[in-house]
Amino acid sequence: MLIAPGVHVVHVSEEKLMHPGGTNVYLVGNGEWVLVDSGEDTEAVAGNILDYLEGLGRPRLREIVVTHSHADHWGGARRVGAATGATLRAYNFEAWDAEKREALRDYPNVRPLRDGELISIGARGLRAVHTPGHSPEHLCYFLEDEGILFSGDTILGIGTTVIQDLGAYMTSLAKLLDLHPRSICPGHGPVIEDGEARIGEYIRHREMRERQILGLLAEKPHTTRQIVKALYAEVDRRLHKAAARNVQTHLDKLLGEGRIKSRVRGGSRYFLLTS
Ligand SMILES: [Zn+2]
C-alpha cells in the first residue's frame, strides 16, 4: 500500500498477542529501492515482499536496512536477499548474538551502518538514527524531506513496546522528538499520522508509570509482582510477564538514579524509596 510517493508499506504477518496489528516492512525508493526490515523467516513473509516488488515491476532492491536484531525484523532477509541480491545493513552487527550472525553466515553481503549515516535513495536521504532502549542496537530511519520516521519497535502503531533499558529509551525518545517527524511507520500496527504527538504521548506514558510506581513505594515497600498487580489489574494476565519486564526497567532506572533502594525479606526483593 502506498503511504507517500515512493514509500510503500507491506503488511507481512497476522496479529499476535505481543504484536497487535501484525508486522510491517517498508519499501522506499524510485528506480532503486531500499527495504526497511524484512519480517520473520518464513516463506510466506518473503513471498509477500517479493510479490510486492513484482507488482512494482521488479525494480532493483539495493539494500535491506534492519531496525534491530529481533527475528521478526530481519529473519526474512536471507530469502529476500537470495532472490534480489540486496546488501543487508545493520547497526553494530558484530555485537548481535552469535546464533543470529551464524544464521546470516551465508548472506553474501552484510555491511554495518553508523549512527547518523545518510543512505541515499535517488535524490532522497534516509538517515540512520541510533535509538537504544527497546534493544541496544536499535536504529530508526528518518526520511528527511518527507518527515517520515521508520520506528521499528521503538514506537508501535498500537500499544506500548517492551523496553530493555528505560534510561536509554527516554533519551532515544527525546532524540526522535527533535526530528519533528510528521508521520511514523512502525514495525507493528498502523501508520501514525501525527508522529510528534505520539512520541509526546510515549514520554508522558512512561513518566506517568514512574510517578505511579513512586506513589506505590511511598505507601509501603512493594515487590515487582505487587507493582504489576496494582498497575496492570485491567490488562490481560497473559501480558503480565511483559508488564513485569517493563516495571523492572522502571525500577532499574530509579535504582540507578538512587531514588529507590531494595531489600530482601522472606526471600522476596522489596523496593522502597530512599531517604
Ligand atoms: Zn523488537
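The values are calculated or read from the model by the stated rules, or taken from the named source; none is laboratory data. Every value quoted in this text rests on a predicted model; they were computed, and no experiment measured them. FYI the Cβ positions are ideal-geometry reconstructions off the backbone, even for glycines, and counts take in every protein chain you see.
One table, with the values for the structure above:
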quantity	calculated
Matching entry among 126, 118 (being hydrophobic (A, V, I, L, M, F, W, C), away from the ligand (no atom under 16 Å from the Cβ), within 28 Å of residue 169 (Cβ to Cβ) and surrounded by 19 or more Cβ atoms within 10 Å (Cβ to Cβ))	126
Matching residues, region 236-264, being among the basic types (Lys, Arg), under 21 Å from residue 219 (Cβ atoms) and touching a residue at least 24 places away in the same chain (Cβ under 8 Å)	253, 259, 263
Residue in region 228-237 that is touching a strand residue (DSSP E or B) at 6+ places or on another chain (Cβ under 8 Å), more than 16 Å from the ligand (Cβ to nearest atom) and over 24 Å from residue 25 (Cα atoms) present	yes
Residue 111 assigned to a strand (DSSP E or B), surrounded by fewer than 22 Cβ atoms within 10 Å (Cβ to Cβ) and either within 16 Å of the ligand (Cβ to nearest atom) or under 17 Å from the mean Cα position of the chain (by Cα) (or both)	no
Cβ-Cβ under 8 Å pairs, at least 6 apart or on other chains, region 158-181 side of a type in the set (Asp, Glu), far side assigned to a loop (DSSP other than H, G, I, E, B)	165/132; 165/133; 165/136
Candidate set: region 221-243, residues that are of a type in the set (A, V, I, L, M) and out of contact with any helix residue (DSSP H, G or I) (no Cβ under 8 Å at 6 or more places or on another chain); chosen: the one farthest from residue 263 (Cα to Cα)	239
Answer from 152, 147, 167 - the residue that is closer than 27 Å to residue 235 by Cα and over 15 Å from the mean Cα position of the chain (by Cα)	167
Condition met for residue 177 (aliphatic (A, V, I, L, M) and surrounded by fewer than 18 Cβ atoms within 10 Å (Cβ to Cβ))	yes
Subset of region 50-96 that is over 17 Å from residue 13 (Cβ atoms), modelled with pLDDT of 90 or more and among the acidic types (Asp, Glu) - its residue that is nearest to the ligand (Cβ to nearest atom)	63
Residues satisfying the stated conditions in region 151-203, i.e. within 16 Å of the ligand (Cβ to nearest atom), β-branched (Val, Ile, Thr) and either assigned to a helix (DSSP H, G or I) or out of contact with any helix residue (DSSP H, G or I) (no Cβ under 9 Å at 6 or more places or on another chain) (or both)	158
Residue within region 59-79 that is basic (Lys, Arg) and more than 28 Å from residue 123 (Cβ to Cβ) present	yes
Residue that is under 19 Å from residue 166 (Cα atoms), of a type in the set (Phe, Trp, Tyr) and touching a residue at least 24 places away in the same chain (Cβ under 8 Å), where the choices are 202, 270	202
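Residue-by-condition table, conditions (1) under 30 Å from residue 26 (Cβ atoms); (2) of a type in the set (Ser, Thr, Tyr); (3) out of contact with any Asp or Glu (no Cβ under 9 Å at 6 or more places or on another chain):
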residue: 187; (1), (2), (3): yes, no, no
residue: 202; (1), (2), (3): yes, yes, yes
residue: 249; (1), (2), (3): yes, yes, no
residue: 263; (1), (2), (3): no, no, yes
